[in-house]
Amino acid sequence: MSTWAHADAPAANFIVLNYHDVISEPAAAGSDRRFAVSKENLEAQFAWLQSNHYTVIDVQTLLNAGSGKQSLPDKAILLTFDDGYLSFYTEVMPLLKKYRYPATIAIVGSWLETQNAPKHAPLMSVDQIREINASGLVEIASHGYDLHRGVIVNALGDHQSAATGRALMANGYESDEHYRKRIFQALDRSAEQLLQTIGIRPRVMVWPYGDYNAVTLEAAKRAGMPLTMGLGDGANTLADLSAIKRLIITDDPDIPQFAQLLREQRLGRMLRVAQIDLDYVYDADPAQTDRNLASLVDRIKNSGINTVFLQAYADPDGDGSADQLYFPNRRLPVRRDLFNHVALQLRSQAKVKVYAWLPIMAYQAGLPDDWFVHEWRDDESQIAGKRRLSPFNPQARQFIGDIYEDLAIHCDFDGILFHDDGVLSDFEDVSEQALAFGHTVWGLPADFETLHADSTLRMLWAQHKTELIAQFTDFLTDRVKFYRPYIKTARNLFALPVLNESSEEWYAQSVATFLKHYDYAALEAMPFMEQAENPQVWLQSLVTKIALYPAGLQKTIFELQTVDWKNQQPVPTAVFVEQARLLTQHGARHIGYYPDNFLTNHPDRHALEALFNQN
């Protein structure tokens, strides 16, 4: 909970709107000015807020409510404007005075000094900023000193936010120490500059591009700005004051569109997911890799897909284990620093969300035998045939945690997909540490024979393992969220634990546990892989079972197969489309598929576009 949230304060929601430039004529949707709003539409939105009984609040009201001094009004709205454009002075201020609405404006320190906003509109002068500050309607916030820019983050020349990106320097990647120093100095300099400009240190930090992490939050707090704002869908509570979500206004919405934004807050989006093997984008020839990537981006951009699960590890032998990684890290070889580059292209060009797809436990490395899962085989404990690092082993947990943390340090992405390797059978894990943990923590028998001989004990053991693996992924998520706090999580779920709850004993997976721990369960709805006699009936039964769980349909992605691995043949596009439509007809909200073969156009792109745009 934020330090601003009073323990006895009632729960209260508020919405924050984020504007940029205000222009005389409407901006064309999809143009370079898609973040601008016309003066006519802005005034119509202000009037709509008033007539629909929204209360526009200021920052002080938020701080008072957070400390328990007052309650937030119903339908509370905070207005924010980024970058300090001249149009705020000429167009917005007259409207604020007319409606008596307070607002917050974020000033970029380096732009203020040079009076130059690269590729943007004119900026307010220092005198104009002082004037609006004196009005009593405007909170002057920091937008950082020199963080509203990109830094080069890899040898391919890709740029990421200066607030969260680790710059590639002449001697390698920016160190933790150098990065922290740069961030702290940027926020201290901005706060001091605004003090010299308006006589007051800012108490609000607005993150450029909405990017922040634990380091930037710490720096903001030290600079006197404990209240910070990013971007993001949905409303806020008083527990969110250290990192407030803001609904960014794009494409100059008219009143029906604006009303829908306030009503839905962009939370009702149905996911349309393609799971992509980066191994098939990679080529030993970098020029061919570039051609492959161009084909992939063009395909995804024109397919109706809005989310990509992108492989972040290399698995050239196809055994499901990570032999190498596609990002800089301290634990495994790097096949090529490629994940971040591909993710950036997909996010910027195809406008999709990208989840980094990584194993939970299946990492191939020259590590001690006791780090690995053991199974009971031939009357003894042996390393499992499917080699996976054991979640019971502290060193193995740290090893995997370092990989996830390094992904977050060096890459920018929207979520994590935990691979389907996170299973423990009813013969696993019987390593010395696992059995000792089960005995001392869970009170189970310390030897496998006794444990496995009783059906009640076997299920209890499985349930504990289910929760242990989920808690391990929570640990991995926390390592990621230190640097990428806004990510979502998904985890692959086998179908059998959905259709037969007793099969938790064989997999250590359960629907209820997945729905509790992850934003989404990525259910492998693959009837041919499961050799279903009647695929349509089988799929319908999956939807029916998921619907029995609270929020089950809202939090489950049904992933269809596009290859029949039994005969190594593509599933015909028409069959895939029929199955996707069947799922949606019976209540499924989120649909995905694996694999996507962008080299052979399978599934057919036009069929995907028709299917997903229709839904």
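The values are calculated or read from the model by the stated rules, or taken from the named source; none is laboratory data. Keep in mind the model is a prediction, meaning the values are calculated, not measured. Every residue, glycine among them, receives a Cβ derived from its backbone with ideal geometry; neighbour counts consider all protein chains shown.
If LYS98 satisfies every condition in (1) over 30 Å from VAL342 (Cα atoms); (2) under 32 Å from the mean Cα position of the chain (by Cα) but one, which is the exception?
(2)
If you go through segment 459-466 one residue at a time, do you hit one that is touching a strand residue (DSSP E or B) at 6+ places or on another chain (Cβ under 8 Å) and either over 18 Å from MET361 (Cα atoms) or polar (S, T, N, Q) (or both)?
So far as segment 459-466 goes, no, none of its residues is touching a strand residue (DSSP E or B) at 6+ places or on another chain (Cβ under 8 Å) and either over 18 Å from MET361 (Cα atoms) or polar (S, T, N, Q) (or both).
Is it the case that ARG263 is out of contact with any strand residue (DSSP E or B) (no Cβ under 6 Å at 6 or more places or on another chain), of a type outside the set (A, V, I, L, M), at pLDDT 95 or above and not in a loop (DSSP other than H, G, I, E, B)?
On the way: out of contact with any strand residue (DSSP E or B) (no Cβ under 6 Å at 6 or more places or on another chain): yes; of a type outside the set (A, V, I, L, M): yes; at pLDDT 95 or above: no; not in a loop (DSSP other than H, G, I, E, B): yes.
In short, no.
Listed residues ASP146, ASP82; which is modelled with pLDDT of 95 or more and within 21 Å of ILE198 (Cα to Cα)?
On the way: ASP146 fails: modelled with pLDDT of 95 or more.
After applying the criteria, what remains is ASP82.
Are any of the residues in segment 72-86 in the same structural domain as ASP240 (by TED's automatic domain parsing), surrounded by 15 or more Cβ atoms within 10 Å (Cβ to Cβ) and in a helix (DSSP H, G or I)?
yes
Answer yes or no as to whether LEU296 is out of contact with any Leu (no Cβ under 7 Å at 6 or more places or on another chain) and in the same structural domain as TYR486 (by TED's automatic domain parsing).
For LEU296, the condition - out of contact with any Leu (no Cβ under 7 Å at 6 or more places or on another chain) and in the same structural domain as TYR486 (by TED's automatic domain parsing) - is met.
State yes or no: is ARG33 in the same structural domain as ILE255 (by TED's automatic domain parsing) and modelled with pLDDT under 95?
Working: in the same structural domain as ILE255 (by TED's automatic domain parsing): yes; modelled with pLDDT under 95: yes.
So ARG33 passes the test.
Has segment 160-173 got at least one residue that is touching a Leu at 6+ places or on another chain (Cβ under 9 Å) and surrounded by fewer than 19 Cβ atoms within 10 Å (Cβ to Cβ)?
no
Applying the selection to segment 538-564, what residues are among the small types (Gly, Ala, Ser) and surrounded by 18 or more Cβ atoms within 10 Å (Cβ to Cβ)?
Result: GLY552, single match.
Quick one: in segment 352-367, of everything that is at pLDDT 95 or above and more than 16 Å from ASP421 (Cα to Cα), which residue is surrounded by the fewest Cβ atoms within 10 Å (Cβ to Cβ)?
LYS353
Considering (1) closer than 21 Å to SER303 by Cα; (2) among the charged types (D, E, K, R); (3) over 24 Å from the mean Cα position of the chain (by Cα), say which one ASP564 fails and leave the rest.
Failed condition: (1).
Could you check LEU583 against (1) on the phi > 0 side of the Ramachandran plot; (2) in a helix (DSSP H, G or I) and say which number it fails?
(1)
Only one of these is crowded, with 17+ Cβ neighbours inside 10 Å and not hydrophobic (A, V, I, L, M, F, W, C): PRO603, PRO572. Name it.
PRO603
Considering only residues that are among the acidic types (Asp, Glu) and either in contact (Cβ under 8 Å) with a residue 24 or more places away in the chain or within 29 Å of PRO328 (Cβ to Cβ) (or both), which ones fall in segment 173-232?
Within segment 173-232, GLU174, ASP176, GLU177, ASP188, ASP211, GLU218 qualify.
Can you run down the residue pairs with Cβ atoms below 6 Å, 6 or more apart or on separate chains, where the first is in segment 251-272 and free of Cβ contacts under 8 Å to residues at least 60 places away in the same chain and the partner is assigned to a loop (DSSP other than H, G, I, E, B)?
Pairs that qualify, where the first residue is free of Cβ contacts under 8 Å to residues at least 60 places away in the same chain and the partner is assigned to a loop (DSSP other than H, G, I, E, B), are ARG266/ASP233; LEU267/ASP233; LEU267/GLY234.
Would you point out the residue of segment 20-30, among those that are within 15 Å of ILE248 (Cα to Cα) and part of a loop (DSSP other than H, G, I, E, B), that is modelled with the lowest pLDDT?
Filtering first and then ranking leaves GLY30.
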